[in-house]
Amino acid sequence: DVYKRQVHVLPFYGAPYGEGVYQVDLSEDQYRRLTDFIAATFTKHADGRGQMLPDVTHGYGDIFYHARPRFSLFYSCNAWTGDALREAGIPVGIWTPFAQSLEWALAH
């Protein structure tokens, strides 16, 4: 069950580009709302640090953290991304269970 309550953090080595990659321009307020949403996802220690899952990795410098809400068939990473974008004021569908549902909104 712990693996259904996690945030997967990957290293970032520059802006990705190509098909299926969309630039989203955010105001300072939208950016703050987006980062606040992401930060609220992490389950934190009493001192405010995220709770890392030790020894869990795909081997690419990635890290997993305890998080909420619980991942499920009905609340996938795409649904979480949709919630984050909506919180920032970016128009996407009401429910975004698949990557395609996000792409349809971002491509227009």
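The values are calculated or read from the model by the stated rules, or taken from the named source; none is laboratory data. All of these numbers come straight from a predicted model, not from anything done at the bench. SASA here: full protein model, heavy atoms, side chains in, ligands and nucleic acids out. Shrake-Rupley method; radii C 1.70, N 1.55, O 1.52, S 1.80 Å.
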Using protein chains only and a probe of 1.4 angstrom, how many square angstrom of VAL24 are accessible, to the nearest 10?
50 Å²
Accessible area per residue, Å², segment 41-86 with all protein chains present, probe 1.4 Å
64 Å²
Could you work out what % of the accessible surface of the chain is carbon and sulfur, using a 1.4 angstrom probe and leaving DNA, RNA and ligands out of the count?
60 percent
Can you list the residues, at least 5 places off or on another chain, whose amide H is less than 5 Å from the amide H of GLN6, using H built in the peptide plane?
ALA67, PHE71
Mind listing the phi-derived Karplus ³J(HN,Hα) values for segment 17-24, rounded to whole Hz, using 6.51, -1.76 and 1.60 with θ = phi - 60°, and x for any glycine or proline?
8, x, 4, x, 10, 10, 7, 10
